[in-house]
Number of protein chains: 2
Amino acid sequence: MIEPVLANIDENFDAKLNHLKDLLKIKSISTDPAFAVDCDAAADWLVSDLQSIGFDASKRQTPGHPMVVAHHDGPGPHILFYGHYDVQPVDPIALWESDPFDPQIIEADLGPALRARGSSDDKGQIMTFVEACRSWKSVHGTLPCKITVFLEGEEESSSPSLVPFMEANKDELSADLVLICDTTLFGDNTPAIVTQLRGLLGEEFTIHGPKMDLHSGFFGGAAMNPGRVLAKIIASLHDDAGRITIPGFYDDVESPSPEVLDQWNRLDFNTADFLGAVGLSEPAGETSKSVLEMIWSRPTCEVNGMECGYTGEGFKTVLPAQASAKVSFRLVPGQDPHKIRDSFRKMVEGMIPKDCSVEWIGHGTSRASQMATDHPAFESAREALSDEWGVEAAFIGCGGSIPIAGHFQNILGLNSMLIGFGRENDAIHSPNEKYDLRSFQKGMRSWVRILDKISRG
Amino acid sequence: MIEPVLANIDENFDAKLNHLKDLLKIKSISTDPAFAVDCDAAADWLVSDLQSIGFDASKRQTPGHPMVVAHHDGPGPHILFYGHYDVQPVDPIALWESDPFDPQIIEADLGPALRARGSSDDKGQIMTFVEACRSWKSVHGTLPCKITVFLEGEEESSSPSLVPFMEANKDELSADLVLICDTTLFGDNTPAIVTQLRGLLGEEFTIHGPKMDLHSGFFGGAAMNPGRVLAKIIASLHDDAGRITIPGFYDDVESPSPEVLDQWNRLDFNTADFLGAVGLSEPAGETSKSVLEMIWSRPTCEVNGMECGYTGEGFKTVLPAQASAKVSFRLVPGQDPHKIRDSFRKMVEGMIPKDCSVEWIGHGTSRASQMATDHPAFESAREALSDEWGVEAAFIGCGGSIPIAGHFQNILGLNSMLIGFGRENDAIHSPNEKYDLRSFQKGMRSWVRILDKISRG
């Protein structure tokens with residue numbers, strides 16, 4: 001049943017690649033208002049393309065860039081596919097080896113690749129799914145299941161219209177399962193399904209001491225230095241074993257199952273390579289945890305910025321009136337950002353000496369996402385990916401905080417599977433972004449296999 | 001013998017005040033090259049004025065602004081008087097209530113005062129001594145002792161020419177004792193002789209971790225954060241009792257004698273007022289020491305600046321590649337800045353984890369100065385000041401680091417007495433600088449008494 005579809009993909013590979021190039025030529029940079037017309041053009045292109053496959057597709061206006069929503073009927077489960085057609089800016093343009101919007105085939109580390117802005121993030125990934133549908137429809141005259149395609153044009157500019165649109169269109173966007181294609185393989189060859197994402201909590205605080213900057217000769221030794229208070233607070237956040245000391249911080253942490261941990265341990269992950277790539281050699285987290293646990297399933301507390309006193313050239317013997325820090329927490333399933341915020345603030349406030357005060361700015365919060373991997377689609381997708389790639393697919397975590405899966409969960413009550421075919425070296429958000437042709441081809445073929453397995457249950 | 005001189009001062013007070021105003025009208029701002037000609041004019045004015053009293057005075061060129069050196073013969077000991085004719089810039093000019101170079105008599109907290117840039121720092125103070133000499137000469141036709149006046153024009157711009165000039169003119173500047181008039185009373189009414197000054201050591205260091213800024217989602221928890229390392233270092237510099245933890249830091253500290261400490265304890269000093277003026281209430285230094293000890297005779301370690309990661313508006317979940325700090329030490333008699341630097345660096349380097357490195361920038365060092373208060377001139381000056389002010393004069397410390405006394409000690413082998421009549425509220429280096437007329441009058445009278453007592457041994 002799927003063999004002719006896979007064969008159709010291979011036979012029409014060049015045509016599909018040229019078609020992707022057309023989409024990549026559209027300069028749909030969402031952050032820069034100068035490219036609003038290009039974003040609109042990309043949406044139009046996609047609407048037209050989805051219509052050509054038989055989708056009931058339309059461009060939907062928002063206060064920002066438009067959404068593309070397309071429906072196609074079919075038997076079995078209802079799948080909602082999410083991707084984004086907007087791309088990052090191209091600066092610094094001088095570092096590009098060719099025009100970012102004139103796609104070029106280049107030779108990359110694992111074979112030929114397509115170089116263009118958006119090739120990997122996310123137009124190439126979108127088109128793996130769209131082309132899988134096209135080939136299926138072309139061979140069978142129908143699709144294996146009911147499919148809604150939902151594409152946004154503001155992912156690279158914080159998605160201001162996304163939540164309101166989802167809330168206003170709950171019924172239309174309802175489905176049985178969400179497929180998100182905006183992630184990478186694990187390492188070079190292992191297909192992966194992201195099953196957990198860390199949440200985020202951002203805190204900023206300023207410690208005020210003397211009412212003005214003081215001369216360290218006249219007051220030094222007698223006046224409280226807020227820089228010293230700040231350092232004591234930041235230093236106290238971790239113990240010598242790398243654990244975070246905020247009271248109750250780990251109370252609600254849900255650890256991955258032994259099966260998941262066991263699978264992580266079997267992954268082809270090299271700590272020396274991972275850290276070596278950024279000039280490090282020793283894991284800095286909890287001494288009792290593996291590096292994959294540190295970045296996927298353990299919460300963190302990191303100082304992202306710190307400032308006090310004179311930081312320019314030379315020296316100024318000032319005793320600063322204030323000192324400030326930005327601290328962020330990556331949260332894991334089970335943790336409540338508001339509870340962590342309260343406990344953190346209470347701990348900090350307990351360390352403020354009598355002559356100092358603390359002023360807070362709360363930044364964003366998002367909970368971690370934990371996908372319901374006991375949903376049968378996860379096992380189906382894993383088998384399908386393993387079949388295509390000849391390597392056992394992995395359930396992995398992601399240390400970053402991708403809010404989209406949380407929105408589908410919270411607003412639409414939908415479970416998401418994040419499956420992507422990008423690679424860490426695709427240089428997304430950087431000059432010379434590329435997408436391996438292997439990723440494009442095996443990506444399309446992967447979706448055929450996944451849709452087939454999911455549809456057959 | 002001195003009564004007619006004191007009477008002469010009082011009788012000619014208005015003329016002397018008008019004469020000081022003439023000097024204050026000269027815009028001798030040393031840091032701004034635009035005022036070089038004014039600095040030169042101030043030196044000429046002083047040369048001419050000292051010649052009018054009978055000094056053999058001359059302007060001496062340097063690579064910067066000129067020195068004024070003037071000699072007058074006399075019996076007994078040879079006194080060298082030091083002051084500076086240059087002044088601070090006037091910015092922010094909008095905050096001045098009258099033209100900074102058009103001296104005005106104003107009503108201040110303790111009576112009339114002269115408002116002008118340089119009135120207290122240091123032209124008014126210089127002229128207390130010069131006018132004392134003028135009145136003495138006018139009454140007696142001679143001076144009570146041999147006197148050299150040595151005035152520089154670069155004190156407010158780090159005195160680049162001072163040490164070379166002193167070294168090149170050792171013989172000419174030799175004397176028995178130095179009098180420096182650039183300090184304040186203790187509190188409102190207590191005449192004071194500064195007998196110890198703290199030294200200074202400035203250190204700056206940067207901790208390097210990952211070779212670039214990292215995404216805290218992808219690396220947070222696994223990669224060492226240099227901000228955390230920096231905080232641990234700064235936090236570890238003081239123990240809970242406020243003592244500095246650098247190994248050997250206190251080893252060579254010479255404490256004031258019990259007599260000096262006893263005298264400090266008897267001074268009219270109010271901790272609540274001192275700290276309250278800058279919005280604080282609790283001394284932050286060693287719990288076993290008084291506030292005057294903290295700021296005069298105990299060494300300090302203060303962070304003057306700290307910087308890492310993102311410190312702009314909003315939030316950036318960066319895991320910073322580096323973190324840096326500026327730390328200064330106020331040193332007390334006995335401490336060797338180089339030994340302290342070595343011990344500090346060794347301690348910091350011992351706290352740098354394997355994946356980080358530290359880079360150093362050494363800033364200036366100066367030793368503390370301890371005057372030889374057993375020199376009989378100190379007791380003579382104290383008696384003279386007590387006579388004039390009707391309050392027992394105090395031997396006090398100074399928490400700042402005035403290098404001039406150290407230069408006289410190290411280059412010329414001379415002991416210095418720092419005696420000044422400014423007040424803490426004179427707003428030196430700020431808008432609306434003033435000098436109390438009481439300071440000017442009693443300052444002149446004080447020098448007459450001091451020169452008399454010192455000359456008679």
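The values are calculated or read from the model by the stated rules, or taken from the named source; none is laboratory data. All values reported here derive from a predicted model rather than from experimental measurement. Backbone-built Cβ (ideal geometry, glycine too); neighbour counts: all protein chains shown.
Just a few scattered comments:
- From the list B:ASP188, B:ASP240, the lone residue that is of a type in the set (Asp, Glu), in the same structural domain as B:ILE450 (by TED's automatic domain parsing) and either modelled with pLDDT under 95 or in contact with a Phe, Trp or Tyr (Cβ under 8 Å, 6 or more places away or on another chain) (or both) is B:ASP188.
- B:ASN225 vs. criteria within 8 Å of chain A (Cβ to nearest Cβ), among the polar types (S, T, N, Q) and farther than 17 Å from B:MET417 by Cα: yes
- Residues that are more than 7 Å from chain A (Cβ to nearest Cβ) and of a type in the set (Ser, Thr, Tyr) within region B:278-307 comprise B:THR287, B:SER288, B:SER290, B:SER297, listed in sequence order.
- Residues of region A:121-135 that turn out to be acidic (Asp, Glu) and assigned to a helix (DSSP H, G or I), as a count: 1
- In region B:377-390 there is no residue matching the filter, namely being farther than 24 Å from B:THR184 by Cβ and either assigned by TED's automatic domain parsing to the domain that holds B:ALA192 or in contact (Cβ under 8 Å) with a residue 40 or more places away in the chain (or both).
- Considering residues of region A:387-444 that are part of a loop (DSSP other than H, G, I, E, B) and among the β-branched types (Val, Ile, Thr) only, the residue farthest from the other protein chains (Cβ to nearest Cβ): A:VAL391
One line per residue, one yes/no per condition, for (1) more than 24 Å from the chain's Cα centre (by Cα); (2) in a strand (DSSP E or B); (3) surrounded by fewer than 18 Cβ atoms within 10 Å (Cβ to Cβ):
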| site | (1), (2), (3) |
| --- | --- |
| A:SER52 | yes, no, yes |
| A:LEU80 | no, yes, no |
| A:GLU97 | yes, no, yes |
| A:PRO112 | yes, yes, yes |
| A:SER119 | no, no, no |
| A:THR142 | yes, no, yes |
| A:ILE147 | no, yes, no |
| A:PHE165 | no, no, no |
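- Flag not set for A:ILE361, criterion: within 13 Å of chain B (Cβ to nearest Cβ) and under 22 Å from B:LEU280 (Cα atoms).
- With respect to the stated conditions, A:ALA394 fails to be more than 21 Å from A:HIS84 (Cβ to Cβ), hydrophobic (A, V, I, L, M, F, W, C) and in contact with a Gly (Cβ under 7 Å, 6 or more places away or on another chain).
- Count of region B:301-356 residues which are hydroxyl-bearing (Ser, Thr, Tyr) and closer than 20 Å to B:GLY202 by Cα: 3
- Filtered by the rule that a residue be of a type in the set (Phe, Trp, Tyr) and under 19 Å from B:LYS25 (Cα atoms), region B:78-114 gives B:TYR85, B:TRP96, B:PHE101.
- Residues that are among the hydrophobic types (A, V, I, L, M, F, W, C) and not in a helix (DSSP H, G or I), drawn from region A:265-287: A:LEU267, A:PHE269, A:ALA277, A:VAL278, A:LEU280, A:ALA284
- Test: residue in region B:95-118 that is small (Gly, Ala, Ser) and closer than 15 Å to B:VAL5 by Cα: no
- Taking the conditions (1) modelled with pLDDT of 95 or more; (2) facing chain A (nearest Cβ under 10 Å) in turn, B:LEU214 satisfies each one other than (1).
- Any hit, region A:198-206, residues being basic (Lys, Arg) and in contact with a strand residue (DSSP E or B) (Cβ under 9 Å, 6 or more places away or on another chain): yes
- Given (1) of a type outside the set (D, E, K, R); (2) surrounded by 16 or more Cβ atoms within 10 Å (Cβ to Cβ); (3) part of a helix (DSSP H, G or I), index of the condition B:VAL69 fails: (3)
- Selection count, region A:308-321, where residues are under 15 Å from A:GLY220 (Cα atoms) and more than 8 Å from every other protein chain (Cβ to nearest Cβ): 1
- Search result, residues across region B:322-354 that are at the interface with chain A (Cβ under 9 Å from one of its Cβ atoms), in a loop (DSSP other than H, G, I, E, B) and modelled with pLDDT of 95 or more: B:PRO353
- Some residue of region A:40-52 being in contact with a Cys (Cβ under 8 Å, 6 or more places away or on another chain) and at pLDDT 95 or above: no
- For region A:149-206, the set of residues classified as free of Cβ contacts under 8 Å to residues at least 60 places away in the same chain and either within 14 Å of chain B (Cβ to nearest Cβ) or of a type in the set (Lys, Arg) (or both) consists of A:SER158 only.
- Residue match in region A:333-352 (condition: over 30 Å from B:SER401 (Cβ atoms), buried (at least 20 other Cβ atoms within 10 Å of the Cβ) and touching a Phe, Trp or Tyr at 6+ places or on another chain (Cβ under 7 Å)): yes
- Single condition A:ILE246 does not satisfy, out of (1) more than 12 Å from chain B (Cβ to nearest Cβ); (2) farther than 26 Å from A:GLU204 by Cα; (3) modelled with pLDDT of 95 or more: (2)
- For region B:251-264, filtering for residues that are outside any loop (DSSP other than H, G, I, E, B), away from every other protein chain (no Cβ under 14 Å) and either closer than 20 Å to B:GLU424 by Cβ or in contact (Cβ under 8 Å) with a residue 40 or more places away in the chain (or both) leaves 2.
- Restricting attention to region A:306-354, the residues being free of Cβ contacts under 8 Å to residues at least 40 places away in the same chain and farther than 22 Å from A:ARG367 by Cβ number 11.
- Top-ranked residue in region A:231-243 [being part of a loop (DSSP other than H, G, I, E, B) and of a type outside the set (Gly, Ala, Ser); ranked as nearest to the other protein chains (Cβ to nearest Cβ)]: A:LEU237
- Test: residue in region A:16-33 that is more than 30 Å from A:HIS140 (Cα to Cα), modelled with pLDDT under 95 and assigned to a helix (DSSP H, G or I): yes
- Number of positions in region A:356-374 that are modelled with pLDDT under 95, part of a loop (DSSP other than H, G, I, E, B) and surrounded by 15 or more Cβ atoms within 10 Å (Cβ to Cβ): 4
- When the residues of region A:200-222 are filtered to those that are in contact with a helix residue (DSSP H, G or I) (Cβ under 6 Å, 6 or more places away or on another chain) and in a strand (DSSP E or B), the one that is nearest to A:GLY350 (Cα to Cα) is A:ILE207.
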